[in-house]
Structure formats: C-alpha cells, structure tokens
1. Which peptide among B:220-230, B:15-25 comes first, and what is the full order, when sorted by highest mean count of other Cβ atoms within 10 Å?
2. Work out the mean other chain Cβ neighbour count within 10 Å for the residues of B:6-12 and drop it here as an integer.
3. Give me the percent of accessible area attributable to carbon and sulfur for chain A, probe 1.4 angstrom.
4. Calculate the mean, over all residues of peptide A:86-98, of how many other protein chain Cβ atoms lie within 10 angstrom of the residue's Cβ.
5. Can you give the accessible area per residue of segment B:47-150, in Å², using a 1.4 Å probe?
6. As a test question: what accessible area, to the nearest 10 Å², does B:Lys93 have when a 1.4 Å probe is rolled over all protein chains in place?
7. For segment A:48-66, which residues drop by 50 square angstrom or more in accessible area between the chain on its own and all protein chains together (1.4 Å probe)?
8. How much accessible area is lost when chains B and A come together, counting both sides, with a 1.4 Å probe, in Å² rounded to the nearest 100?
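The values are calculated or read from the model by the stated rules, or taken from the named source; none is laboratory data. Just so it is clear, the structure is predicted and the values come from calculations on it, not from any experiment. All Cβ positions, even for glycine, are placed from backbone atoms using ideal geometry, and neighbour counts span all protein chains on display. Surface areas here come from the heavy atoms of the whole protein model, side chains and all, with no ligands, DNA or RNA. Shrake-Rupley method; radii C 1.70, N 1.55, O 1.52, S 1.80 Å.
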Amino acid sequence: MNENKAITVDKLTKKFGDFTAVDAISFDVNAGEIFGFLGANGAGKTTAMRMLCGLSLPTSGTATVAGFDVYHQTENIKKNIGYMSQKFSLYEDLTVKENINFYAGIYGKSNQFIKEKTSQVIANLHLENEVDKLVKSLPLGWKQKIAFSVSIFHEPEIVFLDEPTGGVDPITRREFWSMIYKAAESGITIFVTTHYMDEAEYCNRVCIMVDGHIKAMDTPPQLKKRYNATSMDEVFLKLARNAERAQAP
Amino acid sequence: MRTLRFLLQKEFKQIFRDKAILRIIFLVPIVQLLVLPWAADYEMKNINITVIDHDHSPYSRQLISKITASGYFILQNYTASYKEALIDIEKDKADIVLEIPASFQKNLITKNEAKLFIAVNAINGVKANLGGAYVSSIIQNFNQQVRMQWIQMPRFSPQLNIEVVPSNWYNPQMNYKYFMVPGILVILVTMIGSFLASLNIVREKEIGTVEQINVTPIRKYQFILGKLIPFWILGLIVLAIGLGISRFFYGIISAGSLWVVFGFAAVYLLAVLGLGLLISTYTVTQQQAMLISFFLLMVFILLGGLFTSIDSMPHWAQLVTRADPVSYFIEVMRMVILKGSGWADIKNQLLIVLGFAILLNGWAVVNYRKRY
C-alpha cells in the first residue's frame, strides 16, 4: 500500500441493470491534494463518489479509501472520511450547535473535544449570534458552509464533497473555496465534484468524466495546454461535446 | 452506548419541536377516545317506526305505547294504509312498519289468536335485524300479558314454565363502552407505533439526511434503536393517557393489574414498531409509507375484532386474524381490563406477539441497507 495515496481506484464499475453508470474508471488521489471530479449531469460522478464512500456497492473493479477496501472495510472507511452530499444534509429542525454536537458525537468525539472545537468553528464562521438558531432559518450559503465545517469536524483523512456549491452565490462560493484550501492545508485530502469550471481551476488535479468514462486527468494548466484552450470551460466543452447522456439520471 | 445517546437526544429534540407530531400524539388520542365510543355503539336506539292501526282498540293502543315506551323506538308516523307507510320507508323516514289489522282485539279475545304484520327496511342489516327482533320480543311480551289476563289458570298451564334469568358477567350493565374503549386504545397505540415510526424514518430518506447518517460509522442497530426507542416510549405514554381518559370519562377501571396491561403493551409495541420499520425499508417517500400503513391498519382493525366478533367470522377469516397482532392486543386488553386476567391467562398471546416482534424486527433489520 502506497502511503502517499489517499484513494486508489482500479477499473471500478457500477451497473444499474443494463445501464453502466460508471465504466471501469481508474485513478489515484494523492494524500493532501484537492482532487476535482468534473462532468456533466449524469456523467457518473456522484455514483463513483458514492461507491468510494461506501454508500453504493461496486459491480466490479477494486478501490481503496484511506487504505481500506471499499467492499469489505466500509466501516473503517467511514471512520476516516467526511461527506457532504448534493442534498442538504443538516437537520433543519435542530440548531447550528445541536447539529455540530450530534455529528461530532456519533463520530465518537469526547465532550471536551466537541466543546473546544465547536467554539473554534463558530468563531471561524462568524456565527456567534446564530449558534442557537434553527438551521432552517439561515440562508443557503451559510448552511453550506456549516455543512462543510460539520463534514470535517471530526478531522477525517479525506473529505468527499458532492457539488458543494450548487445554487450558492459567487461571493459565498469564493469563501467556500477558501475554507476548502484551509482544510487542505491542515492535511485533509479533498475530493470534490463540481460542474462549475471556474472551480476546476482551484483544484490541484482534475479528472473529467464523460458518459461513465474518464476522458482526461491532469493539472488544470496541463489540460489547458493539451487541449489548446484558455480556460477549463473550453477544455470541458471540447471533451464533453460528444456526450450521449447529458441529461440522463 | 454513547452514539445511541446522541441519536436519542436528537430524536427527542426533533419530536418535541414538531408541532404536528405533538398534536398527533396527544390530541388525536383524546379526541378519538372521547368521540369514537359514542359512535361505535351497537345498541340500537332511535329506530323509527311507522304504525298503521286499523283496529283503534284499547289493545292496539296498549301495544303501541308498549313499543314506544321501550326506549328503542321513535314513533315516526301513523298512516291509514300500508301504501302510505311504504312511502316513509322509501324516504328513509321509517325503519320498521307495524300494521295492526282491523279486528286485532276481537280475534285475540274470541279466537285466541291474532295476526300482526311487520315490514323492515333491511338496507342497514344490523339495524333491521335488531329492530325486528326488538319488536318481536315486545309483541311476545304483550302477548303473554294478554293471555295472563284472559285465560283462566288451567290445570295444565299451556305456557312453558322454564324461566331464564341471565346474569351478565364482567360487564353487568352490558355497557357497550366497556367493550369498545379498550379496543380503541389498542388502535391508538398501534397507530403511534407503526405510522409515526415509519414516517419518521422515511422522512429522513426524503430529506437526504439518512445518507449523511449512512456515511458515518453509526451501526445499523444503533440507528434503528435510535428510531424505535422514542416511539416505544411515546406509545406507552399514549396508552397511559388513554387509560386515564377511559377512567375519568367512562369510569372504566381495570379489573386486572396495570402492570399486565403495560407489560403486554411494551412487547406489543415492539411488534408494531417492527412493522413500521419494515414498511420504511420498502418505501422511499412518506406518501408510500402512509398508504401502506393505512391499508394494513384498515385490514388489521377490521380483522382485529374491534367492531365484529372474530368468533362469528368464517373459518378462513378466523385463520387470517391469527396473523393480526392487533387482534391479540384487543383480546388481552378486554381480558385484563374487564375480567382481571393475569400473566398466566395471557401467556399465549404474549408469546405470539413476542414472536411477531422478533419476526418483524428481524426482517426489517435484514432488509435495512446502508449500502445500495
């Protein structure tokens, strides 16, 4: 097992009946990097991510996350990862503090740890006045930032972010990415899916999925050079132009 | 254990913040218990009767006043002909028509017999049956009175001399509410158990939070216990409220030990919670869960012996009721509350319901998946 690899994936495949959502993809993610997973809707990003998180059983292929096998050691994987899903995942009828408390508690963190880290996180987010408000009363951008903070609260090795900035305004998105950088600096490996191509520029390496296959994988500058493009947007359009299932589920 | 504590804390906070659920838990039982027992009463009262009296004799008038004085009948109308009386039935104003022929009194005295005619509106079978039977028995009674008056005591009494003195055990006044209220309590507890628990879990599926839970190291059994325990406690609380209401409003004081009632309810709730859990593993939206629970509850109630006696169902239906957990609890509730049965008497039912609890929960746990 290579110590520097946070995630290794080899010919990972997921079929739903006749439909192959993810078709034998292979890639590695280095520890501590920000790895962008790009693709149009229906390209298979979310399915691939769900297999790595232990939410979906692969049809074939192998993969390890934090050194654990995705078939048999999902419980170990779950102790070492954080996850923030496309759907909003905090409890709307609990307060900010109660949400943090709950998620930290089920990861088995001590009361002392929870107490200290909560005040630290709240201070970083400048939410001192909102800690005791119900989450449903907060604007979406704030909720997403809180959800991210909750997903890395237990200090996981890797955090999976599934389109974390969907529907969020540009300013909040920028703030969100500065949070991601901060997390990466503290040593957390970031695995993020997005379809905002400007966000792809922020990643150390990106992997572009089209129709269940990986079409390209490299650093953003290299990709732009290879496809003779000025932005990631152009790279993506060149690669995804021939996609067949742009709107498939 | 620590994980479970966090889960329970979260669950109780959510339940007590949800006004709709609180209303369902505390208001619905109260309203149901205060209203339903009055409506679900099989004793027939207010039967409308239309009388055609061709005789206009003291006897015919005596008979009519005997019928109206019984308390079961309302004298709807006097008509001159059978035809007019039928119109009352057609318009649903009358349930029963009693026709007294012209020489009723004369025939009764001289020929020692007289004929009466009763027509019953049989659209509502129960009302028709009971109403017809009541009228017949009142007429029988009247008949005996007349005979006593007119027939000299002969050496050989023409009347049968068997006297029947019924004694109603366990419910001496034959108060229908004593029979219904314990059964309605069972339905309430069942609803809290199966409805609310399954809706709660499916709601997390709908919102997407269950996914977040599934990527945490929470074990399957921890999540399930975290969902079951709160509703198990709520079910017992609702039962306690219900027993309080039946005591203060209907004067029903359990003849048997309340420990037996709550002990059985505790096991029974495990079974219905297991059912709720099972429903939640097969559904993805609250509507689906609601419809399935509703369908099952309907079948369970109708087969459970709440309204109709299981003993009078056809054999195959009786076999089906054995797969109905509701029927066992209704039976036990009536046994304990009205008859004062103890642990030994309800042992069989307890074991069967325990079997249901193990089967349903086991099935649900196997079918509950963290990974698809």
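1. Result, highest mean Cβ count within 10 Å first: B:220-230, B:15-25.
2. For peptide B:6-12, the averaged partner shielding equals 4.
3. Working: 5340 of 10830 Å².
Ligands and nucleic acids excluded, carbon and sulfur give 49 percent.
4. Details: counts 2, 6, 4, 8, 3, 8, 3, 6, 5, 2, 0, 0, 4.
Per-residue shielding by partner chains comes out at 4.
5. I get 56 Å² per residue for segment B:47-150.
6. Estimated to the nearest 10 Å², B:Lys93 gives 90 Å².
7. Residues losing area: A:Leu55.
8. Between B and A, the summed buried area is about 2800 Å².
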